[in-house]
Amino acid sequence: KLSKRLAAVANMVDQNARIADIGSDHAYLPTNLVLNKKITFAVAGEVVEGPFQNAQHEIVNQQLTDRIKVRLADGLAAIKKEDNVDTVVIAGMGGLLISKILDEGNRFPNLILQPNTDEMAVRIWLQAHNYKIIKEDIVAEGQHTYEIIQAHTGKMMLNRQQLKFGPDLLKKRPEIWRQKWQHEIMRKKKVLKFLQKAKKQQERILETSQEINLIEEVLGC
Ligand code: SAM
């Protein structure tokens, strides 16, 4: 069974998509998608030997070697032309690493990205490279919240608010998203108090209070 986070990623995959899961580790995601008959072909890419072995063991154990190709490669280099991949999934990494991996490879029409951090950097990358966000989701697991972003080739013009909070999340305003940003307000208020006590770093004080205002404005509180 997939974790809540990976289940939300799996949920964004279209029926019969041909996916490449980059940084697949145990290859749980493509295995689950094939076993649930959502897809019939996947590439599981890994750049590190240990996780690559994990993926290979899982695919052999599940007898899926004809459907899932496990490859040891850096980023999108795991994908061959004849794979006819249409969907690239990159989950469980920092947003900057995700952007770097996308930067260094060919372009694919459909992306499903789950950055652990720096979601805004991912949205900025997508906008700058002719992708359009078509769907977003957010899930809570343990102490963390995770955002999942699906993008297609296309144009978008996001403003600062949309880049930071997610255009689709801003529209749908799910409870977990609201909680995430309320938590961020509390965290920033603590920082602000500390800065004010120290009576220095006027610039950071201003910056932090502006950020708090921006979030409060978006949440409508
Ligand atoms: N995608 C899985 C998930 O979401 O549960 C595994 C996430 S795991 C934390 C990140 C994986 O990405 C690691 O196994 C790491 O080896 C792999 N990775 C990091 N950089 C990579 C790159 N440039 N190309 C391929 N895999 C990479």
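None of the figures in this text is laboratory data; all of them are computed from the coordinates on show. Note that this is a predicted model, so its numbers are computed, not measured. Heads up, the Cβs are rebuilt from the backbone with ideal geometry, glycines too, and the neighbour counts pull from every protein chain shown.
Which value at 222 nm does the chain reach when only helices count, each DSSP H run of 4 or more adding -39,500 (n - 2.57), with the total divided by all residues and rounded to the nearest 500 deg cm²/dmol?
-14000 deg cm²/dmol
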Under 5 Å, built H, 5+ apart or other chain: amide partners of V89
A20, D21, I22, I112
Given +1 on the Cβ of Lys and Arg, -1 on the Cβ of Asp and Glu, and no further charges, what dipole in debye does the range 65-142 carry about its Cα centre, rounded to the nearest 20?
240
If you take every residue apart from M186 with its C-beta less than 12 Å away from the C-beta of M186, what net charge results, scoring Lys and Arg +1 and Asp and Glu -1?
+4
Can you find, among H144, L192, Q162, the residue farthest towards the positive end of the dipole of the chain? Put +1 on the C-beta of Lys and Arg, -1 on that of Asp and Glu.
L192
With the dipole of the chain defined by +1 on each Lys or Arg Cβ and -1 on each Asp or Glu Cβ, the option from N54, P174, V34 whose Cα lies farthest towards the positive pole is P174
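Using unit Cβ charges (K, R positive; D, E negative) and no other charged atoms, how large, in debye to the nearest 20, is the dipole of the chain about its Cα centre?
860
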By average Cβ neighbour count within 10 Å, what is the ranking of 119-125, 54-60 from highest down?
119-125, 54-60
Just give me a number: lysine pairs in the range 178-219, eight or more positions apart or cross-chain, with C-alpha atoms less than 17 Å apart.
11
Using each residue's phi in the range 164-179, evaluate 6.51 cos²θ - 1.76 cosθ + 1.60 at θ = phi - 60° and report the 3J(HN,Hα) Karplus result to the nearest Hz, with x for Gly and Pro.
7, 9, x, x, 7, 5, 4, 6, 7, 6, x, 4, 5, 5, 4, 4
Please name whichever of L113, L96, N130 sits farthest to the positive end of the charge dipole of the range 50-151, dipole taken about the Cα centre and charges placed at Cβ: Lys and Arg +1, Asp and Glu -1.
N130
Other-chain or far-sequence residues with amide H under 5 Å of F41's (modelled H)
I19
Listed pairs K1/K132; K69/K132; K38/K135; K37/K80 exceeding 25 Å between Cα atoms
K1/K132; K69/K132
Along the range 67-75, Karplus-curve 3J(HN,Hα) (6.51, -1.76, 1.60; θ = phi - 60°) to the nearest Hz, with x for Gly and Pro, reads 9, 10, 9, 9, 10, 8, 6, 7, x
What list of ³J(HN,Hα) couplings, whole Hz, do you get for the range 46-56 from phi and the Karplus terms 6.51, -1.76, 1.60, once you set θ to phi - 60° and write x for glycine and proline?
9, 9, 10, 4, x, x, 4, 5, 4, 4, 4
Which value, to two decimals, describes the C-alpha radius of gyration of the chain once divided by 2.2 N^0.38 Å?
1.13
Here, M186 and E49, labelled 7 Å along Cα→Cβ, have an inter-label distance in nm of 4.5
Give me the net charge of R18's neighbourhood, meaning all other residues with Cβ under 9 Å from the Cβ of R18; Lys, Arg count +1, Asp, Glu -1.
-2
